């Protein structure tokens, strides 16, 4: 690589950041391969109440379904995480106000259709289905997903869903702390405005794990099958 030459990342990450990371570790991606049988796709909070109102969330359906299908065929695991009313506590009320917090809690009630997975998602009975009591699907005591992944010998985790910079980032960072090799799938995530999606992906790539588009994930699954 020539001095001053900018590296291009397939997910459009900051070229200066990518250059720094590559110079430090000698390669573009932290994880250059994966074992599908030891990999889990984790889909965060793609519930009907959220997806119905957000076109960006609806765009995630195709890449999420494609990865889920490929990973199942290769012997991997698909996990779907949604929230419970318990996740809307005093902290959330302080952050968003009592009225909005009450709305979120109502949407999360198990008998509310808004709390169900978006119907176009290809969820199967053999997949893992969990309800989390906080932002993260991996925080100890808030969700049993880590225990259920451990039973299947999972080592690598692919994070998708919404919101990139809130529940997805929380889940991704906690999964790293638990020892998983974590990749955030850039075009299977939806974030808030003002560049927060992009900021999360850049920060995660810099120090926590990997960032790849779904097309590359599908290639890795095919190569490891």
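The values are calculated or read from the model by the stated rules, or taken from the named source; none is laboratory data. All of these numbers come straight from a predicted model, not from anything done at the bench. Glycine gets a Cβ as well: all are built from the backbone with ideal geometry, and neighbour counts include every protein chain shown.
A few comments on the model shown:
- Residue in the stretch 129-138 that is touching a residue at least 40 places away in the same chain (Cβ under 8 Å), more than 27 Å from residue 181 (Cα to Cα) and part of a loop (DSSP other than H, G, I, E, B) present: no
- Listed by position, the helices (runs of 4 or more DSSP H) enclosed by the stretch 40-84 that each have at least 2 residues that are out of contact with any strand residue (DSSP E or B) (no Cβ under 9 Å at 6 or more places or on another chain) and under 20 Å from residue 216 (Cα atoms) are 61-73.
- Pairing residues of the stretch 1-17 that are at positive phi and modelled with pLDDT of 80 or more with residues that are surrounded by 15 or more Cβ atoms within 10 Å (Cβ to Cβ) and not in a loop (DSSP other than H, G, I, E, B), at Cβ distances under 9 Å and at least 6 apart in sequence or on separate chains, gives 12/186; 12/198; 12/201.
- No other residue among 222, 215, 172 is assigned to a helix (DSSP H, G or I), in contact with a helix residue (DSSP H, G or I) (Cβ under 8 Å, 6 or more places away or on another chain), modelled with pLDDT of 95 or more and surrounded by fewer than 19 Cβ atoms within 10 Å (Cβ to Cβ) apart from 222.
- Of all residues in the stretch 188-200 being modelled with pLDDT of 95 or more and not in a helix (DSSP H, G or I), the one that is surrounded by the fewest Cβ atoms within 10 Å (Cβ to Cβ): 190
- Qualifying residue in the stretch 175-187 (condition: touching a strand residue (DSSP E or B) at 6+ places or on another chain (Cβ under 7 Å), modelled with pLDDT of 95 or more, surrounded by fewer than 22 Cβ atoms within 10 Å (Cβ to Cβ) and in a strand (DSSP E or B)): yes
- Selected residue (criterion: farthest from the chain's Cα centre (by Cα)) from residues of the stretch 143-170 that are free of Cβ contacts under 8 Å to residues at least 60 places away in the same chain and farther than 20 Å from residue 200 by Cβ: 151
- Taken together, the residues in the stretch 176-197 that are farther than 19 Å from residue 77 by Cα and within 14 Å of the chain's Cα centre (by Cα) amount to 5.
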